[in-house]
Structure formats: structure tokens, C-alpha cells
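Q: Below you will find the structure I want to go over with you.
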Protein chains: 2
Amino acid sequence: MKLARYLPILDWGRSYDARAFSNDALAALIVTIMLIPQSLAYAMLAGLPPQAGLYASIAPLVLYAVFGTSRALAVGPVAVVSLLTAASVGRIAEAGSLDYVTAALTLAFLSGVMLLTLGLFRLGFLANFLSHPVISGFITATGLLIAAGQVRHVIGIEGGGHTLIEIGRGFVENAGNVEPYTLVIGVSALGFLFWSRKGLAPLLRAVGMKPGVAAMVSRAGPILAVAVSIVAVEVFNLGALGVALVGEVPAGLPPFTVPSLNGELVGALLSSAALISIIGFVESVSVAQTLAAKKRQRIDPDQELVGLGAANIAAAFSGGYPVTGGFARSVVNFDAGAQTPAAGAFTAVGIAIAALVFTPLLASLPNAVLAATIIVAVVSLIDLGALRRAYAYSLGDFAAMSATIALTLLLGVEAGVAAGVLISLGLFLYRTSKPHSALVGQVPGTQHFRNVDRHDVITAPDVATLRVDESLYFANARYLEDRVLAILAAQPGLRHLILMCPAVNEIDFSALESLESLNRRLKDGGVTLHLSEVKGPVMDRLKRSHFLDDLTGEVFLSQYDAFRALAPETAQRALDARRPDICPNAESAGLDRHQTTPGPGA
Amino acid sequence: MKLARYLPILDWGRSYDARAFSNDALAALIVTIMLIPQSLAYAMLAGLPPQAGLYASIAPLVLYAVFGTSRALAVGPVAVVSLLTAASVGRIAEAGSLDYVTAALTLAFLSGVMLLTLGLFRLGFLANFLSHPVISGFITATGLLIAAGQVRHVIGIEGGGHTLIEIGRGFVENAGNVEPYTLVIGVSALGFLFWSRKGLAPLLRAVGMKPGVAAMVSRAGPILAVAVSIVAVEVFNLGALGVALVGEVPAGLPPFTVPSLNGELVGALLSSAALISIIGFVESVSVAQTLAAKKRQRIDPDQELVGLGAANIAAAFSGGYPVTGGFARSVVNFDAGAQTPAAGAFTAVGIAIAALVFTPLLASLPNAVLAATIIVAVVSLIDLGALRRAYAYSLGDFAAMSATIALTLLLGVEAGVAAGVLISLGLFLYRTSKPHSALVGQVPGTQHFRNVDRHDVITAPDVATLRVDESLYFANARYLEDRVLAILAAQPGLRHLILMCPAVNEIDFSALESLESLNRRLKDGGVTLHLSEVKGPVMDRLKRSHFLDDLTGEVFLSQYDAFRALAPETAQRALDARRPDICPNAESAGLDRHQTTPGPGA
């Protein structure tokens, strides 16, 4: 039982049969065809030799198949992580140098160890603190940066850089040196790839292909562009005319490599590794959950950390670089019928064959075609509409998103994410430090209590009831103190204060001390403190302290019990009063909600 | 109106009269007598010349009187902040050097600017993130460190250090060099001071003094010890016999001093200044609130930041060092009848007179007596019982508190607080990332819905209702997704899922996207998503998004409406069933709480 949790392969492997095999194998074939150009392109984006992309698509996939829980997630090099790799490794070593390759291996190793550690300690919840606006803003900004950075390959000029400013400077300085043949190839590839995403499938259907098959074959657009451009280069000898080519790629299976554990290097890569781990994890889990839900399956996010961790460690020891689950690739895998993680292992076999057999052909592949592949892939990441939606919904979330986008574009990926996380956390902490609470009074003709600011309710001059709508913990305990002390100062005739706790799921030690201090302060001010509607588990815990012994007042089962005991005449008068027509039925009104705006379905 | 908020003196100053004056003046006299030995002692603790303590008790008090909102808070040098000053400035400069004094001024200035900034931007809530266990553990550990550090002055040996280990090493190395006369003076002073706290007042009452007056006069214990020891030193010429004395203290009003704004110095002091600001603020506000509640007054925490900020800036320009509100001193001020912040200004006048007139006498004051004063003052800060109470109440809070104590004692004050804050925030984030939620069913014979795990309720096989007990935001949105997807995977016949939202006060943009994604995923799985009991403001905000248009199901006013619409036969059967005897009355049961454990008062 325990072992199967950490080795999901024991679970799905038991019922593996010929049908699952044929489904997985077909899906693997299609993903392989899609993954070959992508892995070459993303390796280029990461500043690594093209074979690193292929190597990162072999061993990691096998390890994920053993440890991962998603039945459709396709792991490998992806655009955002490749950019993050380039940005962090580029600070430390010269692109093309051995140090650069070693740093990328180390980055994968660190990222793997982090993911594995988070998974084993079940700390996946930490990723929750990357809010959606921050992730979405970051992905959009990264997509823009990647696309902008690849344009130079498409038009054949020098340049580079990790921020919009650096990239822009590169354009301005090199604008005069556009390489005409590269430009023709690049723009043609770009045009073809954009068209093939929408136009190839209908065309194939028009010539009689079945819709499902047409959709799958249309995924071969990139590999078609690669093949055609290689032939064109060979036929017209474009390499000699100045078109930048991939060059010699060694044929063979992934080498055994060892990441460096040099202290200085590890220190320099640590924060990037953390960023890559978390961003990669969040994206993977999101894709995996979406696909699992379609088949009413589940994935275990903590086990996903283990699976991705193992995949990255495998990448580090087999000449790769950081990997994670890819969105488009996983959808293709799912649509093609992948039934188990074995599909990933079969994809690894496909890529391994490609690495053994097809690599000599890649020497004549123009970089411009790979760049076009990248641009087409990342354009789907850019979602500026989210900015508009966030603006319409919540200014705080909009601020976090726009800061993340702006700082990622202008200062780089790490500054962008850091700013977004800090803004999100700051807003979150600010909100939680002010718990929702309301002074309530009795609704005439009922035993219900509602917000005095929203309803025509009956209160007593010497009794105040504060309904606390959230759990109490250190972050908001002091605010509750302030609120109660303000009531104390504002209501001179006050003799009893009731804290109504229907939504209090927890009272931590700080909040307990706040309550104790409130009890003493109210006592000094001549006011008795009571509680009502305290939940069972909260009550059990309070009994483990001296609070209930020292409490000046009582704990009442219901708020009405409390009010009847402390202001019997007012309570009776309120109960006898004519009931206003605000409650659709007697009992749901007992829920004491500010349900004045009926839902559209009501 | 606005001006009076930032200048509370405009408020209380308007009704200031002779009666208030005489009350304030009397309180000021008593606080002055208490403050003279304390300010000298705390300056010694901070590693500064004794007059710095007097100077820090003049201008800062006047500024606090203008800007502060507490009518009883007595501001000045306090033990914990003095230790923090010594710890941070001691890293940068040699005690006794001019650089040391300048660094202390700069620290006060930085702390003042920080407090003022927090106050003007109303960021006082940030202090809430220092949980009670962390503060309490930190104060206890600091008290232990201070007491341990002062013992060497009492017995007359060399030594020093900012951690228990350093202090312990000092003892071991110098244990053979105890100065016998110092030991006699120190131990006598210590004994007298400890006795006078409890024994002096009863003695005075026994000789016929009124209880109130006796309590006040007993506060003069420390100044009595100071006076007697000065006389003893003069009479027996103890200075020549080897007793360490305070030495020459220049007479006069505070000098005009200027803090250094050297970048390196500021950088080195920044984190200490932040710590001093927050710790000082938290302690001040807690004392001020306690005293204000006794008279049903209020203090404004954000304006307190302004008041304390102004006080610290004043300290920086008048030869002082960081100040804050002192606990014992404020209680004395309050008990002595202080009515307005003017009492603080009058205290400043008293200290100024002392600085002009009495300083020549202080040359013969033994350090051992000041050390004894400090030890007696800080012993009351040590509260190891809190550790036991936290342990009984909550393991997480206990962990935060014990880590803070252990690391403060062993590694120093900053490491201790940092560890405590990180543990508290970590636990807080962990808890909030898992929102309280429960699958609910209909209570037979009612229209109420309760937790299926705790009550004998009726559910339908194709309808699941998840009650969400907390607001939804990015930190817990993903957990809700997981929970719902688990229900989807576990209940194969599911056709409708209702999210019951009575306790949801807010849905942020991340949670909105989670709901949208849940809606899509459930749709893919053939399940319709409904909401019930959504609060008005939350509904208003949802209307600003496309969520309600895309929602596969409906929004119901009450949970019963939802259940009746989706499972009409089950709902009717449940309503007709015999009602179990779990609800004391029909309507409070409508609150749908797990109220199975009645409170002691019910």
C-alpha cells in the first residue's frame, strides 16, 4: 500500500494489457514526432547544443513513467524552463562552453533534489503561494521575451539578452545585417507553422482523411518544416550562402554525465533552481489535473513532485537539462489515446532511436526553422486578456499581475516572479489580518441574528454581539482586539459583550492570548465577555487552557440562548414582534447570512 | 479633523485643565524617580555612557506627548531594546568609542523613520505577523540573556557577549577574579531590590503610610539603592579598593547630535532597526491598549507608530538611542494617576533637571547597583510558564516559541526572531492552504445540512454538497480543486456537485480561475457545478466575471433550494423523515454547526 503510493507504476502496471500497450504506443509515436523538433529548438533556446534537448527527452521520461501519477502528462524540455535555464546559466558561463553544459546539468540536479525533497516531505502546498495572476503574468511575459528573443534567428542577425531592453538593443545595433536567405527560410517556416496549426487539419480532411487522423497528422507540421528545410539547405547549399545551421550533432544514446557540486556554482544556481522547480511543478500539475479530470482520474500533487524530481535528476546524469510537463505535448498525448505513463517511456524509446539514427541529418537544419518552431509554440502562452479580466475582477490581483509582467520584461525573470509573489503575499497577509466580523442584532419575530448595518434588527443598549466570520490566529487576533475595544469605547452603557463564533474553525495560541487579554480588559472596563456557537473542536481545545475558567461570562450553545439570558426582555420583545419579509423560509433564515442579493438561479 | 488624527495633542489639549495638570505632574514626579536609575542602567546595558540614558528620556518623551495617542504610556529606554542596540551596534563599533555612540544615534534615527513610515502608510498590521508565541519566547529569552549578562557586573568580573555561550565562556575564563567589595555591594543591592518589590510597601503600610502612597513610595527602591550605594562608595572610598564605578558624567541638557547617514553603516543597521521598531511597537501597543481599556479609552495603533517614530527621531538628534514604551513604567504612570500624554512631557522636565543638577553625584555610583537594577527589572520579563501553556494548547505554537527561545539564547536575538517568524508564517500558510470544508447531507425532518462524518444525514447518490468554511484565495484554491476532484473520482454516479458557500467572504482572482477550471473539469467529467448560499458582495464580484455565464449549473439562494431542485425525491423523503433529537430548537439548528459538544455555559 505504502510502496504503491511512491511507485504508482505498481498500481497501473498490474492491469497493463495489450490494449493499453497499443494505445500507449500510438500516442508515443505521435508525441515523438512532435517532440523531436521541439527538443532541438528548446535546447537552442536554453543555449545548449541540440542533442541536449534529445537527451533530456529520454531518461527523464522513463523515470517519470515510474514515479509520476498522471497518465497523460508528457515530460521533457519546455519553453519557459528553457528560458529560465538560459537566464540563470548565462550569468555564470559562456554559452557553448563546457562550463555552461555542466551548469545546466547542475541546475537540473538541484531542481530535481528540491522537487524530490518537497514531494517526500509533502510540501507541495508551498506552490499554492504562487497566485494565479503571478503565474499567468509570468508565463505571458516569458512568452513575450522568448518570442522577441527568437526573432533574430528568424531574420539572421546577431543579438541576445534576457530582458526586453537588452533584446531591443540587439535589434537596433544589428538591424542592418539581416541575412536575406535566412529571412526567406525563417519567414516561410513561421508562416507555414502558423498556418499548419489551423489550416493543415481541414486541408487533410478535405482530401479525404478522417477528422481524428487529420488532427494528429497536422501535429507533424513542425517536423515537416524541419525536413523540407534540411532538403532545401542541401539542394541549394544554403550553408555556404550564410544561413546559420545547427551543425554537426553527434549520433548516439545519452552519455553518462555528472553534475558539479562545486559550492560556488550550487550557491549561484540555488534560487534559479527553486524558481524552475516551482514554476515547472505548478504548470505540470495544472495540465495533469485538467487531463485527469476528463477521465475522472486523480493525480497526487505530492507524488508529482517525486516524479518530476526523479525526471530532473535523470536529466542531470544523462546530458540533459531541467525538464517538466509540457502543455501542448500532454494534450496531444491525451488526445492520441495515451492510457498510462508507459506512453512516456515509449516516447523515450522513439527519441532514443531518433538520437541514434537521425542526428546526422540535423547538421543542415537552419536555426531559423527551430526559432520559428519556438515562436509558434510560445505565442499560445501569451494571454494579455487575463490582464483585462483581472482588472475587471480585482485591483489587487491586477496589480500583482501587471507588476509581474512589467518586471519580468524589464528586469528579468527572477525579479518579475519575486515582485509578484511579494505583492500577492502582502495583499493576502493584509486581507487576512482584518477578519470579517459584524455587529449583529435579533431579527424581529425570529431567533436569528443578523448584521446591524444591513438589516432592521433589534439590539439591547447594554449587550453587544460581534459575529466573527473567520478563524482566529495571530495575524488577525490583534485586529479583533482593536474592534472589540472600539465597541467598548463607543458604547458607554455596555455591560455584556458576546463573541458569536459560528465560522471560527480554529483559535491559535496567539488568538487565545488575545481573548484572555480581551477578557481582562473588558473586566477592567466593567464588561462581561461571553461566547456563543463555539464549534466542538474549538471548544475542546479551549478546555486545554485556563481561558474558560477565567472567562467573566458564559459560553452559550446558540446566540439566541445568549441574548435571551443577557437581555431577556429585549429578546422576548423581539421574538414577539412582527417578522419582516426578508426570509424565504423560516429555517434557511437560521443561517444568518446577508443574503439580500438573490443568486440568479434562485 | 484630519489634523487632530495626526496630532492627538489637539484633541486632549483642548480640555486640559488644572486638575489634569496636577494629576499629570504627580505621576510625572513618581515616574521620574523610577526612570533616573533605569535610564542610567539601560544605557550601560546598551554599552553607552550613562548620560545617553538620561538624554533618551527627555526629547523623545516630549515628542511622544505631541504625537502619541496613549494617555498612560511612558516612553524611554527599555531593557529589550537596549540589549538589541548593544547587539547590533556592538558588531560595528568598539563599545566606548565615538563610532559606537554615532551608530546608536543612527539606529534610533532609522528606527524612527521606519516607524513613522509604517504609521503614515498605516502599515501597523504588519506587526501582527509577529505571533504571540514568538514575541513571548523572544522576550523571555532576551530577559534571560540580559540577566545572565549583568551577573558579571554584580560580582565584579570581566566578560561580555551576546549569546549564552559567549556569556558562559566569559564566566568560566574570569571566575577566579571576583572583586569582593563589588560582590558585597552587588548582592546587597540585588537582595534589597528584590525584597523592596514585594516587601517595602507592606513595611511602609505597617508604619502607618496609606496603601496607595506606600505602593508609590516603594517604587523608589532603585533610587534609594543608588543613593545609599553612592554614599557608601564616598564614605569607604570603595572606588580606590577596586569597585567599578560609573565615573564622570557631564552635567547639562542633551546636546544636539546628528546621526550618520553613511551608506555602509545604514546598511549594516537596517535589519536591526527593523527588529527594534517592530518589537518596540508591539510591546508599546500591548501596554497602551491594556491601560486604555481600563478607562474605556482607545489608542490608534497606526498613530502610535507615528508617536514612537517621532520619539526615536528626537532621540537621534539629542544624544539618545532607540526608545519605546516601557511596561513597568507605564503601569506606574497609570497607577499614579496620569491623565494625558502631558505627564510624559513633565517627566522629561524632571529628567532634564536631574541631568542638569544630579549628574555630578553619579560619578561614585557602582556599576554593580545598576546591574542589580537591570536584573530585577528583567526577571519579570521571563515567562517560562508560557512554554508549558503553549505546549498544552498547540504543538505548532509551542514549536515556534521554543525555537525562538533556543535560537535567541544560542545564536543571538536576530536569528531567534527570524526563526520564530518563519516558523509562525510557515505554519500559518500551511493551515490557510487547507481550507476547512465538509461534505454535508440533509438532517432528517429539517431543511438543514450538516457534515456527513459527524451526523446521521441523508444524501443522494448523484448529488454531492461540499460546504466551504473559509474564504477562497490563491493559497487554498488549489486545495479546493483537489478536494472536489477527489470527490469526483470517488463517487462514480455523481451528476451534480454543489458548493455551499455560507462562510465564503471573498473569492479572489486565483480562486475564481480555480472555480472556472473546476467548472470545465466537472463538465468534462459529466458533472454539473452549482453554488448555494453565496453572500451578496461575493455575488456582486462574480457578476463582474464570465463565471456565472459559463457555470454549468445554477446559483441557489439556500442549500435546501438546491437539494430540492437536484434531488427532489430524496429531499422530500428527508423532510418527511422523523427528526433526530440533535437540535435544541428548530431555528438555531439552522446554523448547521457541528455543535455536538455543548459549551459549559449552555
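The values are calculated or read from the model by the stated rules, or taken from the named source; none is laboratory data. Bear in mind the structure is a predicted one, so any value in this text is a computation, not a measurement. With ideal geometry, Cβ positions are generated from the backbone for all residues, glycine too; neighbour counts draw on all protein chains shown. Heads up: the accessible areas ignore ligands, DNA and RNA and are worked out on the full protein's heavy atoms, side chains in. Shrake-Rupley method; radii C 1.70, N 1.55, O 1.52, S 1.80 Å.
Q: Does residue B:172 qualify as being open to solvent by 10 Å² or more (accessible area, probe 1.4 Å), more than 30 Å from residue B:59 (Cβ to Cβ) and β-branched (Val, Ile, Thr)?
A: On the way: open to solvent by 10 Å² or more (accessible area, probe 1.4 Å): yes; more than 30 Å from residue B:59 (Cβ to Cβ): yes; β-branched (Val, Ile, Thr): yes.
The answer is yes for residue B:172.
Q: Could I ask something else about it? Can you tell which of B:413, B:379 is touching a helix residue (DSSP H, G or I) at 6+ places or on another chain (Cβ under 9 Å) and buried (at least 17 other Cβ atoms within 10 Å of the Cβ)?
A: B:413
Q: From the list A:485, A:494, which residue is within 11 Å of chain B (Cβ to nearest Cβ), open to solvent by less than 20 Å² (accessible area, probe 1.4 Å) and at pLDDT 90 or above? Spell out how you get there, then give the answer.
A: Values: A:485 fails: at pLDDT 90 or above.
On inspection, the qualifying residue turns out to be A:494.
Q: Next question, about the same structure. Restricting to segment B:497-511, name every residue that is in a loop (DSSP other than H, G, I, E, B) and either more than 7 Å from chain A (Cβ to nearest Cβ) or open to solvent by 40 Å² or more (accessible area, probe 1.4 Å) (or both).
A: Correct list: B:501, B:504, B:506.
Q: Same structure again: Tell me which of these residue B:571 doesn't satisfy, since it passes every other one: (1) modelled with pLDDT of 90 or more; (2) assigned to a helix (DSSP H, G or I); (3) surrounded by fewer than 21 Cβ atoms within 10 Å (Cβ to Cβ).
A: The number of the failed condition is (3).
Q: Another one. For a quick check of your reading of the model, give me the residue pairs whose first member lies in segment A:558-585 and is more than 14 Å from chain B (Cβ to nearest Cβ), whose second is at pLDDT 80 or above and open to solvent by 70 Å² or more (accessible area, probe 1.4 Å), with beta-carbon atoms closer than 7 Å and at least 6 apart or on different chains.
A: A:580/A:456
Q: Would a scan of segment B:302-316 turn up a residue that is surrounded by fewer than 24 Cβ atoms within 10 Å (Cβ to Cβ), within 13 Å of chain A (Cβ to nearest Cβ) and of a type outside the set (Ser, Thr, Tyr)?
A: Within segment B:302-316, one or more residues are surrounded by fewer than 24 Cβ atoms within 10 Å (Cβ to Cβ), within 13 Å of chain A (Cβ to nearest Cβ) and of a type outside the set (Ser, Thr, Tyr).
Q: Check residue B:327 against each of (1) within 22 Å of residue B:371 (Cα to Cα); (2) more than 14 Å from chain A (Cβ to nearest Cβ); (3) open to solvent by 10 Å² or more (accessible area, probe 1.4 Å) and name the one condition it does not meet.
A: So residue B:327 meets the others, but not (2).
Q: Still on this structure, I have one more. Residue B:197 is checked against (1) open to solvent by less than 60 Å² (accessible area, probe 1.4 Å); (2) modelled with pLDDT under 90; (3) in a helix (DSSP H, G or I) and fails just one. What number does that condition carry?
A: Result: residue B:197 fails condition (1) only.
Q: List, please: which pairs have Cβ atoms under 7 Å, are six or more places apart or on different chains, and start with a residue in segment B:235-253 that is assigned by TED's automatic domain parsing to the domain that holds residue B:349 and farther than 11 Å from residue B:364 by Cβ and end with one that is at pLDDT 90 or above and of a type in the set (Asp, Glu)?
A: B:242/B:179
Q: Here's a follow-up. Among the listed residues B:39, B:57, B:70, identify the single one that is crowded, with 24+ Cβ neighbours inside 10 Å and either within 21 Å of residue B:294 (Cα to Cα) or not assigned by TED's automatic domain parsing to the domain that holds residue B:99 (or both).
A: B:70
Q: Determine, yes or no, whether residue B:473 is closer than 29 Å to residue A:472 by Cα, within 10 Å of another protein chain (Cβ to nearest Cβ) and open to solvent by 30 Å² or more (accessible area, probe 1.4 Å).
A: Numbers: closer than 29 Å to residue A:472 by Cα: yes; within 10 Å of another protein chain (Cβ to nearest Cβ): yes; open to solvent by 30 Å² or more (accessible area, probe 1.4 Å): no.
No.
Q: How many of the residues in segment A:541-550 are under 20 Å from residue A:562 (Cα atoms) and outside any loop (DSSP other than H, G, I, E, B)?
A: 5
Q: Sticking with this one: Among the residues of segment B:93-117, how many are within 29 Å of residue B:6 (Cα to Cα), surrounded by fewer than 22 Cβ atoms within 10 Å (Cβ to Cβ) and among the β-branched types (Val, Ile, Thr)?
A: Count: 2.
Q: Something else about it: Please specify each residue of segment B:369-399 satisfying the condition of being in a helix (DSSP H, G or I) and of a type in the set (D, E, K, R).
A: Quick first cut of segment B:369-399, residues in a helix (DSSP H, G or I) only: B:369-379, B:385-393, B:395-399.
Those that are in a helix (DSSP H, G or I) and of a type in the set (D, E, K, R): B:388, B:389, B:397.
Q: Next question, about the same structure. (1) open to solvent by less than 50 Å² (accessible area, probe 1.4 Å); (2) farther than 30 Å from residue B:553 by Cα; (3) not polar (S, T, N, Q): which one isn't true of residue B:389, the others all being true?
A: (1)
Q: Need the failing condition index for residue A:478 against (1) open to solvent by 10 Å² or more (accessible area, probe 1.4 Å); (2) assigned to a loop (DSSP other than H, G, I, E, B); (3) within 8 Å of chain B (Cβ to nearest Cβ); (4) at pLDDT below 85, just the number.
A: Unmet for residue A:478, out of (1) open to solvent by 10 Å² or more (accessible area, probe 1.4 Å); (2) assigned to a loop (DSSP other than H, G, I, E, B); (3) within 8 Å of chain B (Cβ to nearest Cβ); (4) at pLDDT below 85: (2).
Q: Can you tell me which residues in segment B:1-36 are open to solvent by 90 Å² or more (accessible area, probe 1.4 Å) and either β-branched (Val, Ile, Thr) or touching a Phe, Trp or Tyr at 6+ places or on another chain (Cβ under 9 Å) (or both)?
A: B:21, B:29
Q: For residue A:420, which of the numbered conditions (1) under 27 Å from the mean Cα position of the chain (by Cα); (2) open to solvent by 10 Å² or more (accessible area, probe 1.4 Å); (3) within 12 Å of chain B (Cβ to nearest Cβ) fails to hold?
A: That leaves (2) as the condition not met.
Q: If you don't mind, there's one more thing I want to ask. Does any residue in segment A:286-298 that is more than 8 Å from every other protein chain (Cβ to nearest Cβ) come within less than 7 Å, Cβ to Cβ, of a residue that is in a helix (DSSP H, G or I) six or more places away or on a different chain, and which pairs are these?
A: A:287/A:327; A:287/A:330; A:288/A:304; A:291/A:330; A:291/A:334
Table: residues versus (1) among the β-branched types (Val, Ile, Thr); (2) over 24 Å from residue A:89 (Cβ atoms); (3) without any contact (Cβ under 8 Å) to a residue 12 or more places away in the chain.
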residue: A:371; (1), (2), (3): no, no, no
residue: A:375; (1), (2), (3): yes, no, no
residue: A:386; (1), (2), (3): no, yes, no
residue: A:407; (1), (2), (3): no, no, no
residue: A:417; (1), (2), (3): yes, no, no
residue: A:427; (1), (2), (3): no, yes, no
residue: A:436; (1), (2), (3): no, yes, no
residue: A:443; (1), (2), (3): yes, yes, no
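Residue by residue, here is whether (1) open to solvent by 10 Å² or more (accessible area, probe 1.4 Å); (2) part of a helix (DSSP H, G or I); (3) free of Cβ contacts under 8 Å to residues at least 40 places away in the same chain; (4) of a type outside the set (A, V, I, L, M) holds:
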| position | (1), (2), (3), (4) |
| --- | --- |
| A:513 | yes, yes, yes, yes |
| A:518 | no, yes, yes, no |
| A:539 | no, yes, yes, no |
| A:552 | yes, no, yes, yes |
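Q: Across segment A:137-190, which residue is modelled with the highest pLDDT among those that are aromatic (Phe, Trp, Tyr) and over 17 Å from residue A:82 (Cβ atoms)?
A: Applying the filter and picking the extreme gives A:181.
Q: Looking at segment A:156-185, which of its residues are free of Cβ contacts under 8 Å to residues at least 40 places away in the same chain and either in contact with a Phe, Trp or Tyr (Cβ under 9 Å, 6 or more places away or on another chain) or not assigned by TED's automatic domain parsing to the domain that holds residue A:46 (or both)?
A: A:157, A:159
Q: Among residues belonging to segment B:522-531 that are facing another protein chain (nearest Cβ under 8 Å) and open to solvent by less than 10 Å² (accessible area, probe 1.4 Å), point out the one that is nearest to residue B:467 (Cα to Cα).
A: Filtering first and then ranking leaves B:531.
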